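> Questions regarding the structure given below will be posed in turn.
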């Protein structure tokens, strides 16, 4: 598995290009701006983009979906609950209020335990509600793409519609902190003092996890 991490857009969102070295098939996680730069990276690597995967439906993570789909023909993948919420008129209006273009509806809805496969690479969907109802993390070969569930030294907000701090902490503690401590954490924003971490390091140093 090859992982390319890119900070995109104006909210320091981390976008990930995940690809299979053998087949050159790929997916992109949270294309949130800088779509031409993402596409250039895809072309440089000679990749075929199969999926646009969103860790959740908030517009700062999905604002590049429409253009990436138009440019590549890739299918948009989102958890069923967030696709339902953010495809609604209220969800689309929320995106516009934040100053973003709404995402088209998902082509593929996923749920807990589903696998997203590109070539020899398979990412397991872990449903981690709390930041949003359909927030997910993606696990593959010791790598965990956490979106806005877990940051380096922090966690996502719980003051937005559909969020719950109690549910959020339950998701993190029961589904993420039980993973091997050397699992690499690839966060959804460049908010920490380094671009990635590990489950063990976050258990030891993240103040939200030590309460």
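What follows is calculated from the coordinates using simple rules that are stated; it is not laboratory data. Quantities reported herein were computed from a predicted structural model and do not represent experimental measurements. Every residue, glycine as well, gets a Cβ built from its backbone with ideal geometry; the counts of neighbours run over all protein chains shown.
> Counting other beta carbons within 10 Å of each residue's own, what order do 186, 208, 98 fall into, fewest first?
Result, fewest neighbours first: 98, 208, 186.
> Okay, moving on. In what sequence do 72, 62, 198, 178 fall when counting other Cβ within 10 Å, fewest first?
Fewest to most other Cβ atoms nearby, the residues stand as 178, 198, 72, 62.
> Using the C-alpha gyration tensor of segment 1-114, what are the square roots of 5 times its eigenvalues, in whole angstrom, with the largest one first?
Square roots of five times the eigenvalues give 23, 16, 11 Å.
> Still on this structure, please answer the following. Between segment 1-22 and segment 132-180, what is the C-alpha centre distance in whole Å?
19
> As a footprinting exposure proxy, order 67, 90 by other Cβ within 10 Å, with the fewest listed first.
90, 67
> Taking the Kirkwood radius as the inverse of the mean 1/r across Cα pairs, report the Rg/Rh of segment 69-117.
1.02
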